[in-house]
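The values are calculated or read from the model by the stated rules, or taken from the named source; none is laboratory data. Owing to the predicted nature of the structure, the values given are computational and were not obtained by experimental measurement. Because the Cβ atoms are built from the backbone with ideal geometry, glycine has one as well, and the counts that use them run over all protein chains shown.
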Amino acid sequence: MNSTSAGAAKALSIKPTKKRFKKQMLWGYLFVAPPFIGMAIFLLYPLLSSLYISFSKYDFSTSPQFIGADNYTRMLFHDPLIWKTLGNTFYAALGVPIGMAVSLFIALLLNQKIKGRNFFRLMFFLPTICSVVAITLMWQWIFNSDYGLLNYFLSLLHIQGPAWLTDEHWSMPAMIIQGVWGGLGVNIILYLSSLGNVPTQLYEAAKVDGAGAWVRFRHITLPGISPITFFILVTSLIGALQDFTRFIIMTAGGPNYSTTTIVYYLYSQAFQYSDMGFASAIAWFVAFIIMIITLINFVASRKWVHYN
């Protein structure tokens, strides 16, 4: 071995000094620091702050005063609107399975080789990129009992349309209809992508064995798209349990609190009545419910979700 090769081998075998190692570690920490600092400022600090405020009396004008579990006691045992709004929230969440079923049906139709299917895919997805406020205002006009488009078409069939948004028996069904329509776009795209990944050989083999359309759908299609179905179910439920923007715009929680969701009630307590302590307690209660429902879904998914 010549002197040049020996020198190179010696240089490669030299371990970095302790000082150099610390300098490299410092640069590494500096590069990963921004996201951690952002999480600490915009996620961890507000989270811990809201937890403390939930055990306090706080109305923006004074400093938080610790009162123990009074806010939670009031919420669980002395405020009947909590349970009414929670019931409204789960009532509105009935639109999740309905929307999933409708989305899958449309996706199955659009997955066929039909003329203009790309146009229909675009039309179903278009509302997703539109403003929530604009879409909600449009549906507010559609549901208008006097000159709304829906009641107009019902009148052509000699059917007296209900007062969709001012009758407490019809207000939540109206919100469910609007919610199902609003969620179709994303769900259809997700189902279409999943349907494209189901092996066609399975369908061909099933046809050879004499399996009908329903058998193929039940034993091939549904298991094949179960991972995306599980994803849509979990994310849609989380979104439904936090939904309140369209309720503010379309019904303002009425009539008679029939469309006041628990997050809308949280919002009103915080920003209309300045009761931040009570609102924070509701927020943690909602977070706990979402966590439990999500955990149940993950446990139950072991029995029906199939990963290839």
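Here are some notes:
Each row is one residue, and each column tells you yes or no for (1) in the same structural domain as G254 (by TED's automatic domain parsing); (2) part of a helix (DSSP H, G or I); (3) under 25 Å from F230 (Cβ atoms).
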| position | (1), (2), (3) |
| --- | --- |
| W83 | yes, yes, no |
| F90 | yes, yes, yes |
| S103 | yes, yes, yes |
| I114 | yes, no, no |
| N118 | yes, yes, no |
| R121 | yes, yes, yes |
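- I188 under 19 Å from T235 (Cβ atoms), at pLDDT 90 or above and out of contact with any Cys (no Cβ under 9 Å at 6 or more places or on another chain): yes
- Selection of region 242-263 for residues being out of contact with any Asp or Glu (no Cβ under 8 Å at 6 or more places or on another chain) and part of a helix (DSSP H, G or I) yields T245, R246, F247, I248, I249, M250, I262.
- Checking D59 against (1) surrounded by 16 or more Cβ atoms within 10 Å (Cβ to Cβ); (2) outside any helix (DSSP H, G or I); (3) modelled with pLDDT under 90, the condition it does not meet: (1)
- Among the residues of region 252-280, just one is farther than 28 Å from P173 by Cβ, of a type outside the set (F, W, Y) and touching a Lys or Arg at 6+ places or on another chain (Cβ under 8 Å), namely G277.
- Test: residue in region 267-286 that is more than 16 Å from F55 (Cβ to Cβ), touching a helix residue (DSSP H, G or I) at 6+ places or on another chain (Cβ under 9 Å) and touching a residue at least 24 places away in the same chain (Cβ under 8 Å): yes
- Matching residues in region 115-143 - criterion: being at pLDDT below 85, among the polar types (S, T, N, Q) and surrounded by 11 or more Cβ atoms within 10 Å (Cβ to Cβ): T128
- Of all residues in region 157-179, exactly one satisfies the criterion of being closer than 30 Å to N111 by Cβ, among the hydrophobic types (A, V, I, L, M, F, W, C) and crowded, with 20+ Cβ neighbours inside 10 Å, namely M175.
- Residue match in region 144-155 (condition: surrounded by fewer than 18 Cβ atoms within 10 Å (Cβ to Cβ), charged (D, E, K, R) and free of Cβ contacts under 8 Å to residues at least 24 places away in the same chain): yes
- Looking at I41, I67, I37, I53, just one residue is over 30 Å from the mean Cα position of the chain (by Cα) and either surrounded by fewer than 10 Cβ atoms within 10 Å (Cβ to Cβ) or over 17 Å from I262 (Cβ atoms) (or both), and that residue is I67.
- Take the conditions (1) within 20 Å of Q112 (Cα to Cα); (2) crowded, with 18+ Cβ neighbours inside 10 Å; (3) of a type in the set (A, V, I, L, M); L241 misses just one of them, which is (1).
- Candidates G239, G183, G210: the one that is in contact with a Gly (Cβ under 7 Å, 6 or more places away or on another chain) and either assigned to a helix (DSSP H, G or I) or farther than 20 Å from L137 by Cα (or both) is G183.
- For region 36-92, taking the residues that are of a type in the set (G, A, S) and in contact (Cβ under 8 Å) with a residue 40 or more places away in the chain, the one that is nearest to S236 (Cα to Cα) is identified as A92.
- Selection over region 85-117 of residues that are more than 28 Å from Y257 (Cβ to Cβ) and among the hydroxyl-bearing types (S, T, Y) gives a count of 1.
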